[in-house]
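Accompanying notes for the structure given below.
The values are calculated or read from the model by the stated rules, or taken from the named source; none is laboratory data. Note that this is a predicted model, so its numbers are computed, not measured. Reconstructed Cβ throughout: ideal geometry from the backbone, glycine too, with neighbour counts over all protein chains shown.
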Amino acid sequence: MVEVTLWGGLRPLADNQQSVTIEAKTIREMLRKLAERYPGLSGPIKNDVAVAIDGVIFRDDWSQVIPPDAEVFLMRRLAGG
Amino acid sequence: MSFDAAYHEKKLNSVGTRPLRPDGVDKVTGKARYGADFNVPGQLVARVLRSPHAHARIVNIDTSRAEAAKGVKAVVTAADFPDLTNGNAEMYAILDNCMARNKVMYDGHAVAAVAAIDAKSARDALRLIKVEYEVLPHVVDVDAAMLPDAPVLNDSVFTGGVEPTPTTPSNVCNRAEFGHGDVEAGFAKADVIIERSYKTEQTHQGYIEPHACVATCNKDGTAELWVCTQGHFVFRQNCADLLGLDASKLRVTSSEIGGGFGGKTHVWTEPVALALSRKAGRSVKLVMAREEVFRASGPTSATSIDVKLGATKDGKITAGLATLRYTGGPYPGMWAELGAMTSFACYDLENVKTVGFEVLVNRPKVAAYRAPSAPMAAFAVESAVDELAHKIGMDAVDFRIKNAAQEGSKSSYGPVYGPIGIGPTLDAAKTHAHMSAPLGPNQGRGMACGFWFNFGGQTSSNMNIGMDGTVSISVGTIDVGGSRASMALIAAEELGISYDDIKVVIGDTNTLGYNDMTDGSRGTFSSSMATVSAARNAIEVMRKRAAITWDIPEEDVYWEDGHAKAAGSKYGNLSPLSVAEIAAESGNTGGPIAGHSELIADGAGVSFATHICDVEVDPETGSTSVIRYTVIQDAGKAVHPDYVEGQYQGGAAQGIGWALNEEYIYGEDGRLQNAGFLDYRVPVCSDLPMIDTQILEIPNPNHPYGVRGVGETSIVPPLAAIANAVSNAVGVRMSHVPVSPPRILAALKAEANG
């Protein structure tokens, strides 16, 4: 099981949950199941998220495996210069 | 991704050396072709008509006289840009910014454009376009725009991120909050608390080369764009989306780039040039004048920030609180949110809270500027950290070392850190000779830390082995900071050949798979990963070709030291085959030899820096001279140390300009008063000392050579480092950047008057 923490802007779209527990082995599976459980998250997940696993931020590699007991954060996709 | 990106320590021959930069001679002799250096036969010249008002409704545009003028081949307005954005607010903002639709939102906003046979005809035609405006009240100041009676820029904007959603529109388009713990409880434990408000003014990226492009739309639906950009694949997609073109039929070729720093991650005039070409049936060249670059291409945010910071007498920070207000120009962005995420990222805080407000104002649409939003947040927080250290009588470096984030610290933006490099940069600062050098009269020393995220992204690379054994590489990330040299070094290391036998070019959008832009300090990090992958794929091909040549099983051939070698004693008579020898036989062993890679480079890892600077302030004029400056930053691995040092120095130089002089100055009428390098003063060589650098190399575990992005973090600490140095020199806390002579004199006068 993965406990994923949502950034503040997502919480109203997920029944005001700060964190959600999901059975998932990869980022892709986690995001798909999150969108299934909270359809309001579909838009942000499609366009606007990055995922931090144990402090390392992944913007695109949704095949990344989530280790057991990893700390997982959903973050805004970042802009850079 | 089957490619193993994990770091493995090994002996290096090429990576870490300093060969001559391959682009240097062309750049200093004028041979390099920048955006405006490209021409095609029969091209038209375009000019853009821009709003003289900060905020106005467009009642009518009459282009008939311009269209009839001699030499004019096309005129476009918003009517030529139908809304194809399908509800995508971000793309709609880009569309509206390229050509104002119903209202002009800032001084310089484009309202029409002309393509004519020469520049004079185009300029003359602009004067024939009659625009009827209904001038509206404007607001350019971030705090004024948040007041209840401020002119509202967009009636459909209601503050997001608050519950319940407001029922009246506002210039505050979003609120974002980060943090953990209980800040009030933390402040209750503090022996000393600093509470102060800060402001930073809007600055431009200030790249030497203005935006320039040549656009050609053909009748068969194909099109070409030559352009100065940080991301030709992104420009292709944006232009295709805005104009209804097929992306794969729009070939975008990037020019050499004369600086971007985030400002060339965004389309400004390119869709306009393509629309003019489509209408005229001719190629169109559009080059922005410097004044247009300032007025109408993205500067960074102006900000207003409140910081409250508490600590115990023995130097432990008990709580940090920051409220950050960032301008976004007339369209929503995530600039304050980035400031809120980065502001306390250097520290291990039990109680921290940051709140960011995105604020709409009648200024140009903000674009990313090198570690976007982080320098302003760092200015506020690092100023408060310095002041707090002084107040409890602790050395500023020791205070930061005591509170620095480390592996296992919960970051202020949420996740727990893995291995990070803030501690080593502070330790290096502590022992650096600069820290103990004596200071003279009117001189002060300041230091500050900085943080930036860094990221990777989609990346492609093609490697072709020539029949003579030399190698050409195409990459899709624009070289803004020396990445071509770094790619050649990486490929030389992988293949075991000489750096001089490798030529690296930037491929156009039809020759490579999609690439994200060169932003987020990703150029060398991402493209070197793809180049390593492409090289290893090419080696795999060469290993097979050696097996064919020797007529032995593939599994009996291995690669070592730039050669294919036969394994085992039974092949004892076979001499190893070099890249050149394998390549020479390629015509009879299966044809051309190449390696390709398309991958996602992720796991870039966060980045930290510590800067030290000494200034001397003339108490009579308020003029500040930077007399010594030192940058200490972790590069993971410096592939070509000259370029890494260049990035460190360049970021520091830009930050020094931001800290001391650069600012957008608006008149009462909301018009920009200093749209040129005479009045908007960036530092030149004679303003700066030699900027010393210290490269730390703590390998990034998520890159084969341990590389980290280095391009952005170096601009984060300078605002605070300079402001701290000036404050220490004059004995008055400076809280408004730029710390220009008038502000220093005003602060000294206020202090003298009590």
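What number of residues within region B:723-743 are of a type outside the set (A, V, I, L, M, F, W, C) and free of Cβ contacts under 8 Å to residues at least 24 places away in the same chain? Show your work before the answer.
Of all residues in region B:723-743, those of a type outside the set (A, V, I, L, M, F, W, C) come to B:724, B:727-728, B:731, B:733, B:735-736, B:738, B:740-743.
Next, only the ones that are free of Cβ contacts under 8 Å to residues at least 24 places away in the same chain stay: B:731.
Of the residues in region B:723-743, 1 are of a type outside the set (A, V, I, L, M, F, W, C) and free of Cβ contacts under 8 Å to residues at least 24 places away in the same chain.
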Going by the structure shown, is B:N154 over 17 Å from B:A322 (Cα atoms), surrounded by fewer than 20 Cβ atoms within 10 Å (Cβ to Cβ) and touching a Leu at 6+ places or on another chain (Cβ under 8 Å)? yes
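Report yes if B:V644 is in a loop (DSSP other than H, G, I, E, B) and within 28 Å of B:T431 (Cβ to Cβ), otherwise no. Reasoning before the result, please.
Values: in a loop (DSSP other than H, G, I, E, B): no; within 28 Å of B:T431 (Cβ to Cβ): yes.
No: the conditions fail for B:V644.
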Can you find a residue that is among the basic types (K, R) and over 21 Å from the mean Cα position of the chain (by Cα) anywhere in region B:315-329? yes
Give the number of residues within region A:11-45 that are in a loop (DSSP other than H, G, I, E, B) and more than 10 Å from every other protein chain (Cβ to nearest Cβ). 7
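Looking at B:S686, B:S714, can you tell me which residue is assigned to a helix (DSSP H, G or I), in the same structural domain as B:T327 (by TED's automatic domain parsing) and either surrounded by 22 or more Cβ atoms within 10 Å (Cβ to Cβ) or not hydroxyl-bearing (S, T, Y) (or both)? Full working, then the answer.
Values: B:S686 fails: either surrounded by 22 or more Cβ atoms within 10 Å (Cβ to Cβ) or not hydroxyl-bearing (S, T, Y) (or both).
Going through B:S686, B:S714 in turn, just one is assigned to a helix (DSSP H, G or I), in the same structural domain as B:T327 (by TED's automatic domain parsing) and either surrounded by 22 or more Cβ atoms within 10 Å (Cβ to Cβ) or not hydroxyl-bearing (S, T, Y) (or both): B:S714.
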Quick one: which strands (runs of 3 or more DSSP E) sit completely within region B:201-316 and have at least 1 residues that are in the same structural domain as B:R123 (by TED's automatic domain parsing) and either free of Cβ contacts under 8 Å to residues at least 60 places away in the same chain or among the aromatic types (F, W, Y) (or both)? B:223-227
Residue list for region B:388-410, filter: touching a residue at least 24 places away in the same chain (Cβ under 8 Å) and in contact with a Phe, Trp or Tyr (Cβ under 9 Å, 6 or more places away or on another chain): B:L388, B:A389, B:I392, B:R400, B:N403, B:A404, B:A405, B:Q406, B:S409, B:K410
Could you tell me which numbered condition B:F187 fails, if it satisfies all but one of (1) part of a loop (DSSP other than H, G, I, E, B); (2) over 33 Å from the mean Cα position of the chain (by Cα)? (1)
Considering only region A:20-39, state which residues are of a type in the set (S, T, N, Q) and surrounded by 15 or more Cβ atoms within 10 Å (Cβ to Cβ). A:T26
Pair list, Cβ under 6 Å, 6 or more apart: region B:711-722 residue within 14 Å of another protein chain (Cβ to nearest Cβ), other residue among the hydroxyl-bearing types (S, T, Y) and crowded, with 24+ Cβ neighbours inside 10 Å: B:G711/B:S521; B:E712/B:S521; B:T713/B:S607; B:S714/B:Y648
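Can you tell me which residues in region B:305-318 are buried (at least 22 other Cβ atoms within 10 Å of the Cβ) and under 30 Å from A:G80 (Cβ atoms)?
Taking region B:305-318 and keeping what is buried (at least 22 other Cβ atoms within 10 Å of the Cβ), we get B:305, B:307, B:309-311, B:317-318.
Listed by number, the residues that qualify are B:I305, B:V307, B:L309, B:I317.
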Step by step: first the residues of region B:571-624, then only those that are acidic (D, E) and surrounded by fewer than 18 Cβ atoms within 10 Å (Cβ to Cβ), then the one that is nearest to the other protein chains (Cβ to nearest Cβ). Which residue is that? B:D618
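Checking the conditions here, which among B:A340, B:A336 is closer than 17 Å to B:G450 by Cα, in a helix (DSSP H, G or I) and in contact with a Lys or Arg (Cβ under 7 Å, 6 or more places away or on another chain)? Let's see the steps before the verdict.
Numbers: B:A340 fails: in contact with a Lys or Arg (Cβ under 7 Å, 6 or more places away or on another chain).
The conditions single out B:A336.
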Of all residues in region B:328-351, which are touching a Ser or Thr at 6+ places or on another chain (Cβ under 6 Å) and within 14 Å of chain A (Cβ to nearest Cβ)? B:W335, B:L338, B:G339, B:A340, B:A345, B:D348
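Among the listed residues B:V352, B:V359, B:V385, which satisfies the condition of being surrounded by 24 or more Cβ atoms within 10 Å (Cβ to Cβ), at pLDDT 95 or above and touching a Phe, Trp or Tyr at 6+ places or on another chain (Cβ under 6 Å)?
Details: B:V359 fails: touching a Phe, Trp or Tyr at 6+ places or on another chain (Cβ under 6 Å); B:V385 fails: touching a Phe, Trp or Tyr at 6+ places or on another chain (Cβ under 6 Å).
The match here is B:V352.
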I'm trying to understand the selection: among the residues of region B:461-478, which are within 28 Å of the chain's Cα centre (by Cα) and surrounded by 24 or more Cβ atoms within 10 Å (Cβ to Cβ)? B:S461, B:M463, B:I473, B:V475, B:G476, B:T477, B:I478
Quick one: what pairs do we get from region B:521-539, first residue touching a residue at least 60 places away in the same chain (Cβ under 8 Å) and at positive phi, second assigned to a loop (DSSP other than H, G, I, E, B) and of a type in the set (A, V, I, L, M), C-beta under 7 Å, 6+ apart or different chains? B:S521/B:V710
Test: residue in region B:609-630 that is in contact with a strand residue (DSSP E or B) (Cβ under 6 Å, 6 or more places away or on another chain), in a strand (DSSP E or B), closer than 30 Å to B:Y417 by Cβ and modelled with pLDDT under 95: no
Applying the selection to region B:256-289, what residues are small (G, A, S), closer than 19 Å to B:A46 by Cα and surrounded by 18 or more Cβ atoms within 10 Å (Cβ to Cβ)? B:A273, B:A275, B:S277, B:A280, B:S283
Among the residues of region B:412-435, which ones are polar (S, T, N, Q) and away from chain A (no Cβ under 13 Å)? B:T425, B:T431
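Kindly indicate the residue of region A:46-79 that is out of contact with any strand residue (DSSP E or B) (no Cβ under 8 Å at 6 or more places or on another chain) and within 21 Å of B:M517 (Cα to Cα) and also farthest from the other protein chains (Cβ to nearest Cβ) among those meeting that condition.
Filtering region A:46-79 for residues out of contact with any strand residue (DSSP E or B) (no Cβ under 8 Å at 6 or more places or on another chain) gives A:46-47, A:56, A:68-69, A:79.
Checking the rest, the ones that are also within 21 Å of B:M517 (Cα to Cα) come to A:46-47, A:56, A:79.
Working: A:K46: 11, A:N47: 8, A:V56: 5, A:A79: 5 Å.
Looking at the filtered set, the residue picked out is A:K46.
Search region B:436-478 for residues being assigned to a loop (DSSP other than H, G, I, E, B) and small (G, A, S), and hand back the single one that is farthest from the other protein chains (Cβ to nearest Cβ).
So in region B:436-478, the residues assigned to a loop (DSSP other than H, G, I, E, B) come out as B:437-442, B:453-456, B:466-470, B:476-478.
From the residues that got through so far, the ones that are small (G, A, S) too are B:437, B:440, B:456, B:466, B:469, B:476.
Values: B:A437: 32, B:G440: 36, B:G456: 7, B:G466: 33, B:G469: 34, B:G476: 15 Å.
Among residues in region B:436-478 that are assigned to a loop (DSSP other than H, G, I, E, B) and small (G, A, S), the one farthest from the other protein chains (Cβ to nearest Cβ) is B:G440.
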Is it fair to say B:A36 is buried (at least 16 other Cβ atoms within 10 Å of the Cβ) and not in a loop (DSSP other than H, G, I, E, B)? yes
